[in-house]
Amino acid sequence: MASVSKLSTPNPAASLADAIRSRSSSPKCFLAFHDRRRTSSVASLRIRQSPNLNTPLLVRCSHTDGNGSVAKRTTLHDLYEKEGQSPWYDNLCRPVTDLLPLIASGVRGVTSNPAIFQKAISSSNAYNDQFRELVQAGKDIESAYWELVVKDIQDACKLFEPIYDQTDGGDGYVSVEVSPKLADDTKGTIQAAKWLHKVVNRPNVYIKIPATAPCIPSIKEVIANGISVNVTLIFSLARYEAVIDAYLDGLEASGLNDLSRVTSVASFFVSRVDTLIDKMLEKIGTPEALNLRGKAAVAQAALAYQLYQRKFSGPRWEALVKKGAKKQRLLWASTSVKNPAYPDTLYVAPLIGPDTVSTMPDQALQAFIDHGTVSRTIDSNASEAEGVYNALQKLGIDWGFVGDQLEAEGVDSFKKSFDSLLDSLQEKANSLKLVS
């Protein structure tokens, strides 16, 4: 993630802070990704850049004109304002002020997961002072971990609060996940979600709960308790429908007269679907099978959007709308391209549509800002999506198996990241001679 380390007047910190407080503030700074293939008249700026960004970032400052309109924009602004899709950032680390140029560039929320925190905490010294204080105060390693995480989430929520306020709770959320060890524990997940919601204590926090079968009842219960939820690790249409029903059941069971502050997103994963199905297609090996590589994920996502439209309409939904209920937006997750042969915006550009979210890690974000095209695509060819989905079934691809396999892999990956982080924190504590 990039952050401004030095910039002549106007002061970038002030400019970017102003940018998230008011659209009419001046000056505003906007993030741009410089393409090496082009020349630029922008003066070079010193930018701190994380190793996983291959393209240098530039922060360009621009003043508003006399009418208060912004001179510099990015495709992320157009994505939200023209097509109703909210671009979020799939990453978080200290200092969270690194998010400021991204917010100014159009990012409207943040997602995190155990793997992201494992990378952030284990590879940075920014957490050392707080960690040392926690262990010296007698905190065990896992408790210390959660305090590190909660601080990052609280600080990020503060940065996105202006967006949350401006949209009346429609956007500006920061997501934090319950322990991945609870993926098969219904009651444990409910308790963890309640605890996280209480300790973070921010209106714009999303508590992340996996869409495993044991956690579907957890989602209903947590929603019924008035806690906003990001349901994660959704890989199949059948599980997605169960997630929607859990949300609707939770709203109906809440007993609240005003449902407007209980919101949710359903994180539907995309790139991992192609990773698995492509291997299956290559094993089949026929021309028809090989021709379907790289098409499964987007096709299933398009059908998920159709399901979203059906479920959030009709008498049942209209009754909830009268109480202020908001739709559980579809969120496209796992949007980075795993196969370098595919276009680097493959899991962003074809999935643009109203009332959706696209959460992008560095690779996908910089690619879309640099050369992404903004237009409504999610339902532009529904018949083709259905054709791909059915063709894969005819070839023997079992969508239920695919969903179960990817869910198991996702949960296992997060558990390993969580355990690895706790181990690295233990080693850090030992190296600091804080614990025996």
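Could you pull out every one of the helices (runs of 4 or more DSSP H) wholly within the range 161-275 that has 1 or more residues that are in the same structural domain as Val348 (by TED's automatic domain parsing) and under 18 Å from Pro114 (Cβ atoms)?
The helices (runs of 4 or more DSSP H) meeting that bar are 186-200, 216-224.
Residues checked against (1) modelled with pLDDT of 95 or more; (2) out of contact with any His (no Cβ under 9 Å at 6 or more places or on another chain); (3) within 24 Å of Ala246 (Cβ to Cβ):
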| site | (1), (2), (3) |
| --- | --- |
| Trp317 | yes, yes, yes |
| Val337 | yes, yes, no |
| Val348 | yes, yes, no |
| Leu351 | yes, yes, yes |
| Thr359 | yes, yes, yes |
| Thr373 | yes, yes, no |
| Ile378 | yes, yes, yes |
| Ala382 | no, yes, no |
| Gly400 | yes, yes, yes |
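Given the structure, is Gly403 over 30 Å from Ile223 (Cα atoms), of a type in the set (Gly, Ala, Ser) and out of contact with any Cys (no Cβ under 6 Å at 6 or more places or on another chain)? Step through it out loud before you land on a result.
Working: over 30 Å from Ile223 (Cα atoms): no; of a type in the set (Gly, Ala, Ser): yes; out of contact with any Cys (no Cβ under 6 Å at 6 or more places or on another chain): yes.
It is false that Gly403 is over 30 Å from Ile223 (Cα atoms), of a type in the set (Gly, Ala, Ser) and out of contact with any Cys (no Cβ under 6 Å at 6 or more places or on another chain).
Is the range 217-226 home to any residue that is among the basic types (Lys, Arg) and under 28 Å from Asp155 (Cβ atoms)? Can you show your working first?
Kept after step one, since they are among the basic types (Lys, Arg), are these residues of the range 217-226: 220.
Within this subset, residues satisfying the condition of being under 28 Å from Asp155 (Cβ atoms) are none.
Scanning the range 217-226 turns up no residue that is among the basic types (Lys, Arg) and under 28 Å from Asp155 (Cβ atoms).
Based on what the data block shows, is Trp332 on the phi < 0 side of the Ramachandran plot, assigned to a strand (DSSP E or B), assigned by TED's automatic domain parsing to the domain that holds Pro101 and touching a residue at least 40 places away in the same chain (Cβ under 8 Å)? I'd like the intermediate steps shown before the answer.
Working: on the phi < 0 side of the Ramachandran plot: yes; assigned to a strand (DSSP E or B): yes; assigned by TED's automatic domain parsing to the domain that holds Pro101: yes; touching a residue at least 40 places away in the same chain (Cβ under 8 Å): yes.
Yes, satisfied.
Cβ-Cβ distance below 9 Å, separation of 6 or more or different chains: which pairs start in the range 99-126 with a residue that is assigned by TED's automatic domain parsing to the domain that holds Ser264 and free of Cβ contacts under 8 Å to residues at least 24 places away in the same chain and end on one that is surrounded by fewer than 24 Cβ atoms within 10 Å (Cβ to Cβ) and hydrophobic (A, V, I, L, M, F, W, C)?
Filtered contacts from the range 99-126: Ser123/Cys93.
Can you find a residue in the range 123-146 that is in contact with a Cys (Cβ under 6 Å, 6 or more places away or on another chain) and either at pLDDT 95 or above or closer than 30 Å to Gln85 by Cβ (or both)?
no
Within the bounds of the range 351-366, is there any residue that is assigned to a loop (DSSP other than H, G, I, E, B), out of contact with any Asp or Glu (no Cβ under 9 Å at 6 or more places or on another chain), touching a residue at least 12 places away in the same chain (Cβ under 8 Å) and more than 18 Å from Asp90 (Cα to Cα)?
For the range 351-366, residues assigned to a loop (DSSP other than H, G, I, E, B), out of contact with any Asp or Glu (no Cβ under 9 Å at 6 or more places or on another chain), touching a residue at least 12 places away in the same chain (Cβ under 8 Å) and more than 18 Å from Asp90 (Cα to Cα): present.
Regarding the range 167-176, can at least one residue be identified that is among the polar types (S, T, N, Q), over 30 Å from Val298 (Cα atoms), surrounded by fewer than 22 Cβ atoms within 10 Å (Cβ to Cβ) and out of contact with any Asp or Glu (no Cβ under 7 Å at 6 or more places or on another chain)?
No, that holds for no residue.
Check the range 410-420 and report whether any residue there is in a loop (DSSP other than H, G, I, E, B) and in contact with a Phe, Trp or Tyr (Cβ under 9 Å, 6 or more places away or on another chain).
Among the residues of the range 410-420, not one is in a loop (DSSP other than H, G, I, E, B) and in contact with a Phe, Trp or Tyr (Cβ under 9 Å, 6 or more places away or on another chain), which makes the answer no.
Output the number of residues of the range 276-301 satisfying the condition of being free of Cβ contacts under 8 Å to residues at least 60 places away in the same chain and assigned to a helix (DSSP H, G or I).
Residues in the range 276-301 being free of Cβ contacts under 8 Å to residues at least 60 places away in the same chain and assigned to a helix (DSSP H, G or I): 7 in total.
Name the residues in the range 339-376 that are farther than 21 Å from Gln306 by Cβ, over 17 Å from the mean Cα position of the chain (by Cα) and of a type outside the set (Asp, Glu), would you?
Asn339, Pro340, Ala341, Tyr342, Pro343, His371, Gly372, Thr373, Val374
Restricting to the range 335-350, what's the tally of residues that are in contact (Cβ under 8 Å) with a residue 40 or more places away in the chain and either among the hydroxyl-bearing types (Ser, Thr, Tyr) or not in a loop (DSSP other than H, G, I, E, B) (or both)?
Number satisfying all stated conditions: 5.
What is the one condition in (1) closer than 28 Å to Lys181 by Cβ; (2) more than 17 Å from the chain's Cα centre (by Cα) that Phe414 does not satisfy?
(2)
The values are calculated or read from the model by the stated rules, or taken from the named source; none is laboratory data. This structure is a prediction, so every number in the text was calculated from the model and none was measured. Cβ: placed from backbone, ideal geometry, glycine included. Neighbour counts: every protein chain shown.
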